[in-house]
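Below you will find the structure I want to go over with you.
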Amino acid sequence: MRHLLYPSETSESTYTIPFENYYDEGYRGIIFDIDNTLVPHGAPADNRAVELFDRLHEMGFKTLLLSNNKEPRVAPFAQAVEAEYIHMANKPLLKGYLKAMEKMGTEPANTLFVGDQIFTDVWGANRAGMHTILVGQIDKKEEIQIVLKRRLEAVVLFFYKRHVRKHGK
């Protein structure tokens with residue numbers, strides 16, 4: 001049984017994930033967190049994010065931004081990258097993840113989730129049955145509640161890495 005706090009895999013950055021390989025494997029939808037996954041916390045969509053989403057859409061992926069932020073933060077970002085979005089998603093509750101797949105017309109078996117936090121992004125997406133990719137945070141400067149969560153995440157990552165070394169992915 002898969003540990004719900006362990007990602008399916010990790011990547012140093014969203015921008016180094018080999019999305020072409022996932023498309024070839026049959027994945028058709030990607031759900032992204034925004035802050036510290038695609039851009040630094042609070043930053044608008046930059047050229048790198050826009051180019052990534054253009055590439056994903058050209059490949060045939062459906063994309064959606066799933067965020068706990070309010071609509072004024074999420075909507076302009078989604079518009080810039082031409083993606084669907086769900087704001088105030090209450091991650092890690094399942095409702096947002098399930099609604100995201102419904103909006104994209106995908107199911108857990110062909111949906112990826114990319115995010116930078118274990119206790120919101122990975123835990124929720126794992127519970128929804130998706131393939132999860134935990135990426136390194138873009139910016140170390142974060143709100144205090146996230147900094148505290150990162151300390152707990154470090155413990156989980158320690159055991160995750162030990163598990164990967166012992167059992168492989």
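The values are calculated or read from the model by the stated rules, or taken from the named source; none is laboratory data. Everything quoted here is computed from the prediction, not taken from an experiment. All accessible areas refer to the heavy atoms of the entire protein, side chains included, with ligands and DNA or RNA removed. Shrake-Rupley method; radii C 1.70, N 1.55, O 1.52, S 1.80 Å.
Given the condition within 20 Å of MET101 (Cα to Cα), at pLDDT 75 or above and not small (Gly, Ala, Ser), answer yes or no: does some residue in region 138-153 qualify?
No, because not a single residue in region 138-153 is within 20 Å of MET101 (Cα to Cα), at pLDDT 75 or above and not small (Gly, Ala, Ser).
Continuing with the same structure: Within region 128-142, can you find the residues that are open to solvent by 40 Å² or more (accessible area, probe 1.4 Å) and of a type in the set (S, T, N, Q)?
Within region 128-142, just GLN137 meets the criteria.
Still on this structure, please answer the following. Kindly indicate whether any position in region 12-24 is of a type in the set (Ser, Thr, Tyr) and under 16 Å from ALA125 (Cα atoms).
Looking through region 12-24, none of the residues is of a type in the set (Ser, Thr, Tyr) and under 16 Å from ALA125 (Cα atoms).
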